[in-house]
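K.L.:
Got a structure here, written out as structure tokens. Questions coming.
The values are calculated or read from the model by the stated rules, or taken from the named source; none is laboratory data. The shown structure was predicted, so the numbers you read here are calculated from the model rather than taken from an experiment. Backbone-built Cβ (ideal geometry, glycine too); neighbour counts: all protein chains shown.
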């Protein structure tokens, strides 16, 4: 059986206002070869997890979508129209335990004034191995200081843009080093994030994550885990972290909307502690979300 795929176009006027939705065939041509999403990577996106037809953390994703759009000076996404687009696709994926919807907003055809928008959804890959066996990571220098978001906002650190070539290259480099994934480190020695995930550590009864002010993407999945930390008798704090804290943590995870919580079982080839019980509790809570 082929994997179901669903597409909705978000129609905009020349002023950038969303005017409605247009169902479309995902296998039919839809995008101009002159669109800035293809020629420049000039746009933003979000990927929302769908659990049995229910979008998870939708408001948080749409807030982050709008934040990224502002950072790129794109038109402000209409949250109501984009929420309708996500729900329209989620309803068509309701027969699947885990699925996803990606929202995309680009600057549109080069030389024009009308943005391009669409929402696309399908069934999620099987992440059971990553959630149970865990992942190995390599620490990679991001090439930016931890204050780059403040000193050089034009670098768009912390925006979720379509320019993902660096993120993909980082994963390939990690794999060349024998790891599954990467964790970025600033040039001044601070832990940041994964190419497609947020880093969470367990230290002395507290869940810890680096601050978004270091130029990293605010994690929607991490936010939901921190909201549930009290259920597991844990505190939750945002703190500046260094690589030695990752290596010595009681446990660590890379968390993201689709893979959920993947425990880190080795850093640069050295084994690290894994808390299987807490990992299972985290993923159970994330999968049970209905908002």
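K.L.:
I'm trying to understand the selection: among the residues of the range 112-135, which are closer than 17 Å to residue 74 by Cα and part of a loop (DSSP other than H, G, I, E, B)?
P.N.:
The answer is 112, 113, 114, 115.
K.L.:
Let me ask you something else. Take residue 64 and decide whether it is within 20 Å of residue 163 (Cβ to Cβ), in a helix (DSSP H, G or I) and at pLDDT 95 or above.
P.N.:
Judged against the criteria, residue 64 is a match.
K.L.:
Can we say residue 105 is under 22 Å from residue 245 (Cα atoms), at pLDDT 95 or above and crowded, with 20+ Cβ neighbours inside 10 Å?
P.N.:
Numbers: under 22 Å from residue 245 (Cα atoms): no; at pLDDT 95 or above: yes; crowded, with 20+ Cβ neighbours inside 10 Å: yes.
So residue 105 fails the test.
K.L.:
While we're on this one: Failed condition for residue 241, given (1) at pLDDT 95 or above; (2) part of a loop (DSSP other than H, G, I, E, B); (3) under 28 Å from residue 50 (Cβ atoms), with all others met?
P.N.:
Among (1) at pLDDT 95 or above; (2) part of a loop (DSSP other than H, G, I, E, B); (3) under 28 Å from residue 50 (Cβ atoms), the lone unmet condition for residue 241 is (3).
K.L.:
Of everything in the range 108-140, what is farther than 28 Å from residue 283 by Cβ and out of contact with any strand residue (DSSP E or B) (no Cβ under 6 Å at 6 or more places or on another chain)? Give them in sequence order. Step through it out loud before you land on a result.
P.N.:
Residues of the range 108-140 that are farther than 28 Å from residue 283 by Cβ, as a first pass: 108-118.
Hits for the range 108-140 are 110, 111, 112, 113.
K.L.:
Determine whether the range 216-226 contains at least one residue that is under 18 Å from residue 138 (Cβ atoms), modelled with pLDDT of 95 or more, outside any strand (DSSP E or B) and over 21 Å from the mean Cα position of the chain (by Cα). Let's see the steps before the verdict.
P.N.:
Within the range 216-226, the subset under 18 Å from residue 138 (Cβ atoms) is 216.
From what is left, the residues that are modelled with pLDDT of 95 or more are 216.
Now drop any that are not outside any strand (DSSP E or B), which leaves 216.
Remaining after also requiring over 21 Å from the mean Cα position of the chain (by Cα): none.
No.
K.L.:
Let me ask something additional. Which residue is farthest from the chain's Cα centre (by Cα), if the candidates are limited to the range 97-107 and must be within 17 Å of residue 283 (Cα to Cα) and not in a strand (DSSP E or B)?
P.N.:
Only one residue tops the list, namely 97.
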